[in-house]
């Protein structure tokens with residue numbers, strides 16, 4: 001038994017150890033388990049090990065509804081407050097998880113779907129996400145250019161990486177293209193293999 005105890009951590013963490021083997025190990029080591037439900041989502045557990053040692057802990061249990069959670073009114077109010085401030089479901093879920101809340105059917109976190117259901121029940125709509133960069137007059141981003149021409153954005157990025165397309169790049173990393181017929185036709189020509197490369201940089205055309 002002592003030898004098994006010394007090897008137990010390595011055996012338990014070994015990916016090759018199957019679940020049924022882990023259960024068998026526990027049956028060899030545990031005399032009995034006593035559980036007492038102390039709240040709707042909590043239980044006090046007392047493990048009696050072979051040899052007389054005991055371990056006591058409190059575990060979180062799944063419940064069947066948000067209303068069954070002890071702090072559900074607080075959680076609903078918090079979700080409504082954050083939704084009113086314009087936060088999205090995933091962001092709210094992360095904040096509530098950090099604050100110690102959890103969804104009914106999981107014990108360690110708040111799921112975005114829980115936030116969504118409560119938000120919709122209280123008629124809070126999701127505000128449109130703010131774009132990462134502001135729009136630039138007479139310029140197109142990679143996504144806008146791809147949408148305008150009906151071509152994959154990935155293809156444009158590949159051509160930029162290869163040097164087949166030279167264009168303006170902001171310090172932030174965003175690529176911008178002139179929003180005019182000449183630039184659009186040049187990209188189409190490259191796409192159709194009529195030219196090997198194109199230069200759409202502003203300073204290039206100014207020269």
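Computed from the coordinates by the stated procedures, all read-outs in this text should not be read as laboratory data. Because the structure is predicted, anything quoted here is derived from the model rather than measured. Heads up, the Cβs are rebuilt from the backbone with ideal geometry, glycines too, and the neighbour counts pull from every protein chain shown.
One line per residue, one yes/no per condition, for (1) more than 30 Å from residue 82 (Cβ to Cβ); (2) over 27 Å from the mean Cα position of the chain (by Cα); (3) in a strand (DSSP E or B):
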{"site": "101", "(1), (2), (3)": "no, no, no"}
{"site": "104", "(1), (2), (3)": "no, no, no"}
{"site": "110", "(1), (2), (3)": "no, no, no"}
{"site": "126", "(1), (2), (3)": "no, no, no"}
{"site": "145", "(1), (2), (3)": "yes, yes, no"}
{"site": "161", "(1), (2), (3)": "yes, yes, no"}
{"site": "177", "(1), (2), (3)": "yes, yes, yes"}
{"site": "185", "(1), (2), (3)": "yes, yes, no"}
{"site": "188", "(1), (2), (3)": "yes, yes, no"}
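Number of residues in the range 39-71 that are outside any strand (DSSP E or B) and either on the phi > 0 side of the Ramachandran plot or surrounded by fewer than 17 Cβ atoms within 10 Å (Cβ to Cβ) (or both): the value is 13.
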